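Working notes for the structure below.
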Amino acid sequence: MKKHILIVDDELAIRTLLTQFLTGQGYRVTATSTPAEARKAVLRDPPHLVISDLQLEDSDGLDMIARMKSDLPDVPMMLLTGVLFDARVIEEILSHKVSCYLPKTTSLSEIGVEVQRLIGPP
Amino acid sequence: MAIGRADLDREILDRNNTAAVRSLLGPDGGTAVMGEVRRATDKLNEEETALLETRDRESFRQARTIRWTVWAGVAIDLLLLAGCAWVIADDIRARRAAAQVLETANAQLEAKVTERTADLAAANRQLSTDLLERDWANQALEHQVRYNQVIINAVADLAFVLTKALNISRINPAVIQLTGREALELVNQPLASVAQLADPPGDTGPALADPMARALTDGYDLRDQPAVIADKLGRKIPGRLSLFPLRDQNKVIGGVAIFHVVALPGIPDRKTPL
């Protein structure tokens, strides 16, 4: 069965493009816009990888990831956000909270490479 | 009428006339006549034999001719048959060769079509990927610009983005709200046309913009300076002005001026909740 990726982003265009790309790469993708929807999706179909935005409507990505880790301790979490962090912040703070941080300016092919690095091929 | 001997003989010979023979044999029945008859018979036999031989020879020749003709016909037929067989075999060979060539051409064509189809499919996939990549880049850029704009717009103080010549290149909504001037009226105008540093007490010098110019030239911050800003009606609103150089790769390319309104005439201090 194809590996499952859960996307959490409040922007429809981002969700659509990312879903299109990852589906094209052979992964099974569930896209949600809020942490509540993401939680339901996790219970329904546990993912192999979670890709989350930072700034969400009713929470933030890091908070959601922290709570999700209790249910999915071994699942890698990727933070994909438009907020550009300082290299030291990434090194000292984000690296302890997420498996991977990527700014949204990262190309899709590079995102694909990171996804493969984290969970392998589809 | 008496029949002459010669005539009688001829009659006997010609007509095989029995009566004549008897008349001849009757009186003498002689040996001479018999001899004559024997000679005539022998001659007759010889002539018949000659005729038969001639006939046999001709028959033989005819049969031989027929044989030769038949054999020649058979030979020609065989030759024709062989020729036809050769032509048919050659035609079959040619057809097989043509079929082989056609089959090879078809296989090559099919291989080329398969290869071309694969190329087109790959190009199509690449194109789709490129389009997706471009859409993603546009989306990321748009998101980034919007996010930066949201940050600037969220600042309640008046923000002016300046060129190094201290001309306004961008403002936040707070500027429009306070001054009543639209961006079109302010962009590309000197900051001094709307905001000025207040004269220090006792200073009569005119160069109010100089500290800001120097700050941008030398690349240092100018913080919390008393200043005034003029609205569309010409009212002077007092406040505090800070100027921060904009650096790009260690080069000052402009500045950001932040004007904090202290109090509007007749309006409480902006820090006080309304």
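Site pair B:Glu46 and B:Val150 shows an inter-label distance of 15.1 nm when each label is modelled 7 Å from Cα along Cα→Cβ.
In this structure, the residue pairs whose Cα-Cα separation is over 24 Å, taken from A:Lys97/B:Lys251; A:Lys2/A:Lys40; A:Lys104/B:Lys251; A:Lys3/A:Lys40; A:Lys2/B:Lys112, are A:Lys97/B:Lys251; A:Lys104/B:Lys251; A:Lys2/B:Lys112. Spelling out what I want: for every residue of region B:135-145, take phi, set θ = phi - 60°, compute 6.51 cos²θ - 1.76 cosθ + 1.60 (Karplus), and round to whole Hz; glycine and proline get x. Using θ = phi - 60°, the values come out as 4, 5, 4, 4, 5, 5, 5, 4, 5, 5, 4 Hz.
Count the net charge of all other residues whose Cβ sits under 15 Å from the Cβ of B:Val256, scoring Lys and Arg as +1 and Asp and Glu as -1. Counting the neighbours of B:Val256, the net charge comes to +1. Under 5 Å from the amide H of B:Ala198 lie the amide H atoms of B:Ala227, B:Val228, each residue being 5 or more positions distant or on a separate chain, with H modelled from the backbone and absent for Pro and chain starts.
Local charge for B:Arg214 was computed over the other residues whose Cβ lies under 13 Å away, with Lys and Arg +1 and Asp and Glu -1, and equals -2. The gain in end-to-end length when the B:Asp221 to B:Ala63 segment is fully stretched comes to 43.0 nm, 0.36 nm per residue minus the alpha carbon separation.
Surface burial for B against A, with a 1.4 Å probe and both sides summed, reaches about 1300 Å² of accessible area. Of A:His96, A:His4, the order by accessible heavy-atom surface (1.4 Å probe, DNA, RNA and ligands excluded), from most exposed downward, is A:His96, A:His4. Here the 3J(HN,Hα) profile of region B:148-164, calculated from phi with Karplus coefficients 6.51, -1.76 and 1.60 at θ = phi - 60°, is 4, 5, 4, 4, 5, 5, 6, 6, 6, 6, 7, 10, 10, 8, 10, 7, 5 Hz, Gly and Pro shown as x.
Heavy-atom accessible area for B:Val150, with the other protein chains in place and a 1.4 Å probe, reaches approximately 80 Å². Modelled label positions at B:Leu131 and B:Ala111, each set 7 Å beyond Cα in the direction of Cβ, lie 3.3 nm from each other. Rounded to the nearest 20 debye, the dipole size of region B:34-137 about its Cα centre is 260 debye, using +1 on the Cβ of Lys and Arg and -1 on the Cβ of Asp and Glu. Overall, the protein assembly as shown carries a charge dipole of about 400 debye about its Cα centre when +1 sits on the Cβ of Lys and Arg and -1 on the Cβ of Asp and Glu, all other atoms neutral. Only the Cβ atoms of Lys and Arg (+1) and of Asp and Glu (-1) were treated as charged; on that basis the dipole of chain A about its Cα centre amounts to roughly 520 debye. Counting only aspartates and glutamates at least 8 places from B:Lys232 when in the same chain, those with an alpha carbon closer than 12 Å to its own are B:Glu182, B:Glu185.
In the assembled protein chains, A:Thr30 presents an accessible area of approximately 30 Å² (probe radius 1.4 Å). Computed in the context of the full set of protein chains, the accessible area of the protein assembly as shown at 1.4 Å probe radius has 58% of its extent on carbon or sulfur. 3J(HN,Hα) along region B:102-114, derived from phi through the Karplus expression 6.51 cos²θ - 1.76 cosθ + 1.60 where θ = phi - 60°, amounts to 5, 5, 5, 4, 5, 4, 5, 4, 5, 4, 5, 4, 4 Hz, with x in place of Gly and Pro. Remark on A:Ile51: its backbone amide H falls under 5 Å from those of A:Leu6, A:Ile7, A:Val8, A:Met78, a criterion applied only to residues 5 or more positions apart or on other chains, H modelled at 1.01 Å from N. Accessible surface for the protein assembly as shown, divided over its residues, is 64 Å² per residue with a 1.4 Å probe. A 1.4 Å probe, protein heavy atoms only, puts the accessible area of B:Glu115 near 110 Å².
For chain A, relative contact order (Cα pairs under 8 Å, six or more residues apart, normalised by length) works out to 25 percent. Work out which residues of region B:127-147 lose at minimum 30 square angstrom of accessible surface when the other protein chains are put back, relative to the chain isolated, with a 1.4 angstrom probe, and list them by number. Going by heavy-atom accessible area, the residues of region B:127-147 that drop by at least 30 Å² are B:Leu132, B:Glu133, B:Trp136, B:Gln139, B:Ala140, B:His143, B:Gln144, B:Tyr147. Interface burial in region A:95-114, defined as at least 50 Å² less accessible area with all protein chains than with the chain alone at a 1.4 Å probe, covers A:Lys104, A:Leu108.
The values are calculated or read from the model by the stated rules, or taken from the named source; none is laboratory data. Computed from a predicted structure; not experimentally measured. We place every Cβ from the backbone using ideal geometry, glycine too, and count neighbours over all the protein chains shown. To get the accessible areas, we keep the full protein, side chains included, count just its heavy atoms, and leave off ligands, DNA and RNA. Shrake-Rupley method; radii C 1.70, N 1.55, O 1.52, S 1.80 Å.
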